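Working notes for the structure below.
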Amino acid sequence: MWYQWRDGSVVVSLRVQPRAKRNEISGVHGDALKVRITAPPVDGAANAHLIVWLAELFGVPKANVTLESGESGRNKRVRIVNPRHLPEGMSLP
């Protein structure tokens, strides 16, 4: 499973592809949700862009999105506190 609910937050495992044509969810990749983002993987630009995009996707302020692991790799784990919207394929606990 690519996501887990913990105390009102959802922890999502991601496989990130930078430098894509557009920001999008492109399906499940093993035990992770594969996402494509437009930002390049330079000087933290991709991570910052990912956090802003996920905040919009889940309907939360960007302060509610935390990168828990994977700062320098394509495999990442993020925590979203009190999400208001859920992408397709996710359900409430």
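The values are calculated or read from the model by the stated rules, or taken from the named source; none is laboratory data. Predicted model only: the values in this text are computed from it and were never measured. No Cβ is skipped: glycine too gets one built from the backbone with ideal geometry, and neighbour counts run over all protein chains shown.
Quick notes on this one:
- Here Lys76 clears all of (1) touching a strand residue (DSSP E or B) at 6+ places or on another chain (Cβ under 6 Å); (2) farther than 14 Å from Gly8 by Cα; (3) without any contact (Cβ under 8 Å) to a residue 24 or more places away in the chain except the condition numbered (3).
- Exclusive hit being among the polar types (S, T, N, Q) and farther than 17 Å from Trp2 by Cα, set Asn75, Asn82: Asn82
- All conditions but one from (1) touching a residue at least 60 places away in the same chain (Cβ under 8 Å); (2) in contact with a Ser or Thr (Cβ under 7 Å, 6 or more places away or on another chain) apply to Asp31; the one that does not is (1).
- Filtered by the rule that a residue be at pLDDT below 95 and under 20 Å from Asp7 (Cα atoms), the range 22-72 gives no residues.
This table checks each residue for (1) closer than 26 Å to Leu92 by Cα; (2) assigned to a strand (DSSP E or B).
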{"position": "Val11", "(1), (2)": "yes, yes"}
{"position": "Val16", "(1), (2)": "yes, yes"}
{"position": "Arg19", "(1), (2)": "no, no"}
{"position": "Ala39", "(1), (2)": "no, no"}
{"position": "Ala48", "(1), (2)": "no, no"}
{"position": "Val52", "(1), (2)": "yes, no"}
{"position": "Val60", "(1), (2)": "yes, no"}
{"position": "Val78", "(1), (2)": "yes, yes"}
